[in-house]
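Single-structure report; data block below.
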Amino acid sequence: MVSLNLNILKRIKNKIVNLNDSKDRHIKISVVVPTYNTDPDALKRLVNSIDKQTMSKKEYELVFIDDGSTTDIYSRLKKLAASRSNVIVKQIPNSGWGSRPRNIGTKLAKGDYILYLDHDDLVFPEAFERVYQYGIENNADAVNAKEVRTNGWSWGWDQFKSNESAAEKLGIQSLLPMTPHKFYRRQFLLDNGIEFNEGARVLWEDVYFNTKVFSCGASVAILSDYPTYYWIATGANNSSSFGRDPHEKWDQIRKLIQFFIDTIPDQKDLTFMLTHWYQSRVLGILGKWLLDKKEDRIAVEYNYARSIASELIPKSIDENLNPINKVRAYYLRNDMIEELKKLAQHEKNVTARSYASEIKWIDGKLFIEASADITVDEKEPFLFHLKGDRIFRDIPADLESTVPSELLDLTNEVNKATYEASIKGRDSRETWNVPVDFSEVKTKQINSTDITLNGRLKVYIDIQKAKMGEPLDRQPWDVAARFTAVGYTFHRGIVAEKGYGSTALVNGVTVVAYCNKSNLLSIDIGSKVRSIVGTSKSGQSDLTLVNENKGTALVLYLPNTHVYGKTTIHGEVELKSADNGSIVKSKAILIGDEKGARVEATLKVPLGKYRLSTTFEGRRSDTGLFIVDRESTPII
């Protein structure tokens, strides 16, 4: 009984202390997290990412709103709140969607800014501190901070290329991608009555929300130079269930487009949103999607697409479409479904794969020259036609008379083509545009009347500045090129020569550029997946032993390893007896300086034959080399 009373008194004391703490705190960031039957491991991952924040715990709070979970997640959340002064937990009857929990969380929150964090995602360590400072400095009502996703290369590609302190001048696209994973000034939301649309199944509630935010005159700042939010693909997204019922899906699309028309006051912004959604959600199904669906399903969705195009999308919008969708829109408005299927079949395997023709280290930077052609399944050129000085799209002969020729003229579009370079962290999933030193997209003659498009680029990847001036952190980075031309975008890894590997020591950092298992180019920073010693492929002649008073001085030179600046990394060498398996270990140093790259160690080498291994930065490498005795010459 005494023990029980003491526990009760302790809990009361904690609550009083927490209450007093909360009175004195200025909350800068409120993190609102809707939960429903949340995976405990996902919750732990989320909380761990919050705990790593560089902002003081006194300056942010977590607001968990549980949407009537049927698992023990609510009790777990209450235990979390009992041990922390900056955690609020509330459970509500099940609403069936994340909207109502977010709205309730907004009313409970006290922070200057609110982040809506999904229960299976996480945030990067400096997110709160950087976003808050940037938002306050620029008096932003919404900070659209760099967001990354598990899959794909191109998420937020156009939006997150540079910081924009007054991004609202760019228009409503300043809030793309229109997820709710941004930082919103809480008072701005309250003053304008901005809430998420509630209901059991509300598709694109985040698009409605962001459209309201911009239409109410929000000042927007884009923060691109640091990734803040990691959207983790788990396959459990509520929105993924909408495709199963086409009637429900198209009803939601219709409602959203009508909402744009009724809500967005500026004509340019309205035109942008109508164009964006017409291309992505309406015309987007009129390509490959038509080739593997049953006829009854195609008929249902095609008819919905036609009705939306005729009733809600002005024909003037067609002028803003990319060349591919201009033809699709023409066929859709003229009820030409069979022509659409033939066109989809003709284009189904169009792609562009980039191949590296040269990779080398220059002054601490990785130089890459690469090129790509637009092809059909990487087997033959995808053709365009020359007619005089004009370039026309190639379509099946029986379709040429079915579409106005001006819709097939791509001359001006070819001149707009781009070829860019990027890197993506394999662990962090952050993608960065790497400015190219040279890039061009030109026509490539196939015969007297046919051409294709070829892109060429040269890029220097500076590992010390590749993240918008910041160094690449220690993880593998995959290298890709983005080819955008005449309505197509191909963002794919760059192919490297099979077996390729080159090493560098750059101002204290180990770097290995290599061909990965998919035959694509990657860069390993900090020996996370590749050993610099192993990749250097030292030969027996690169190993020397010299007897000294303190023991035997071992030097293993790393041939062809590029050295920039000075590097000293501590590790160890290991000698394993070929006779009895006994092991001798000694401290070692990986050195990069004006004398080149090498491993140095001093140890006592017993008589016998020993196999040499090294370990640096936690990665072990069996060199395949042997030490046979202790002579002062290279040993075989």
_Take residues that are over 28 Å from Pro476 (Cα atoms) and tell me which of the strands (runs of 3 or more DSSP E) falling wholly in region 530-599 contain 1 or more._
543-548, 551-557, 567-577, 583-593
*Is at least one residue of region 479-493 open to solvent by less than 30 Å² (accessible area, probe 1.4 Å), in contact with an Asp or Glu (Cβ under 6 Å, 6 or more places away or on another chain), part of a loop (DSSP other than H, G, I, E, B) and touching a residue at least 60 places away in the same chain (Cβ under 8 Å)?*
yes
*Quick one: in region 226-256, which of the residues that are of a type in the set (A, V, I, L, M, F, W, C) and open to solvent by 20 Å² or more (accessible area, probe 1.4 Å) is modelled with the lowest pLDDT?*
Ala236
*In region 173-196, the residues that are under 17 Å from Lys161 (Cα atoms) and either part of a helix (DSSP H, G or I) or small (Gly, Ala, Ser) (or both)*: Gln173, Ser174, Leu175
*Kindly establish whether Glu301 is more than 19 Å from Gly487 (Cα to Cα) and touching a residue at least 24 places away in the same chain (Cβ under 8 Å).*
yes
*asked:* If I filter region 165-215 down to residues being among the acidic types (Asp, Glu) and crowded, with 20+ Cβ neighbours inside 10 Å, which single residue comes out as nearest to the chain's Cα centre (by Cα)?
replied: Asp206
*asked:* Looking only at residues that are closer than 25 Å to Arg244 by Cα and either surrounded by 15 or more Cβ atoms within 10 Å (Cβ to Cβ) or touching a residue at least 24 places away in the same chain (Cβ under 8 Å) (or both) in region 337-353, which one is farthest from the chain's Cα centre (by Cα)?
replied: Ile337
*Elements of type strands (runs of 3 or more DSSP E) contained in region 39-152, each with 3 or more residues being open to solvent by less than 70 Å² (accessible area, probe 1.4 Å)*: 60-66, 87-91, 113-116, 142-145
*asked:* Looking at Ser502, Ser527, Ser448, Ser518, can you tell me which residue is open to solvent by less than 30 Å² (accessible area, probe 1.4 Å), outside any strand (DSSP E or B) and among the small types (Gly, Ala, Ser)?
replied: Ser527
*Look at Tyr514 and say whether it is of a type in the set (Ser, Thr, Tyr), more than 29 Å from Leu558 (Cα to Cα) and touching a helix residue (DSSP H, G or I) at 6+ places or on another chain (Cβ under 9 Å).*
no
*Starting from region 448-476, keep only residues that are in contact (Cβ under 8 Å) with a residue 24 or more places away in the chain and among the basic types (Lys, Arg), then list their pairs with residues that are open to solvent by less than 50 Å² (accessible area, probe 1.4 Å) and assigned to a loop (DSSP other than H, G, I, E, B) whose Cβ atoms are within a distance under 7 Å, requiring at least 6 positions of separation or different chains.*
Arg474/Gly526
*Can you spot a residue in region 342-351 that is in contact with a helix residue (DSSP H, G or I) (Cβ under 8 Å, 6 or more places away or on another chain), modelled with pLDDT of 95 or more, of a type in the set (Lys, Arg) and over 22 Å from Arg297 (Cα atoms)?*
no
*Residues satisfying the stated conditions in region 575-598, i.e. open to solvent by 100 Å² or more (accessible area, probe 1.4 Å) and over 25 Å from Lys609 (Cβ atoms)*: Glu594, Lys595
_Take the conditions in a helix (DSSP H, G or I) and closer than 13 Å to Ala140 by Cα and apply them to Phe160. Does it pass?_
no
*Give me the pairs, please: first residue somewhere in region 396-414 and at pLDDT 95 or above and surrounded by 12 or more Cβ atoms within 10 Å (Cβ to Cβ), second residue anywhere and in a loop (DSSP other than H, G, I, E, B) and not acidic (Asp, Glu), beta-carbon distance under 6 Å, and either six or more positions apart or on two chains.*
Leu410/Val486; Glu413/Val486
*Does region 503-518 contain at least one residue that is aliphatic (A, V, I, L, M) and under 20 Å from the mean Cα position of the chain (by Cα)?*
no
*Can you name the residue in region 416-445 that is part of a loop (DSSP other than H, G, I, E, B) and not small (Gly, Ala, Ser) and is also most open to solvent (accessible area, probe 1.4 Å) among such residues?*
Lys416
*asked:* Given the options Ala356, Ala305, Ala329, Ala309, name the one that is under 30 Å from Asp478 (Cβ atoms) and buried (at least 19 other Cβ atoms within 10 Å of the Cβ).
replied: Ala356
*Return a yes/no flag: does region 278-292 have any residue that is aromatic (Phe, Trp, Tyr), surrounded by fewer than 18 Cβ atoms within 10 Å (Cβ to Cβ) and out of contact with any helix residue (DSSP H, G or I) (no Cβ under 7 Å at 6 or more places or on another chain).*
yes
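The values are calculated or read from the model by the stated rules, or taken from the named source; none is laboratory data. Given the structure is predicted, the values throughout are model-derived calculations rather than measurements. A quick note on method: Cβ atoms are made from the backbone with ideal geometry, for glycine too, and the neighbour counts reach across all protein chains shown. These accessible areas exclude ligands, DNA and RNA; they are computed on the full protein's heavy atoms, side chains included. Shrake-Rupley method; radii C 1.70, N 1.55, O 1.52, S 1.80 Å.
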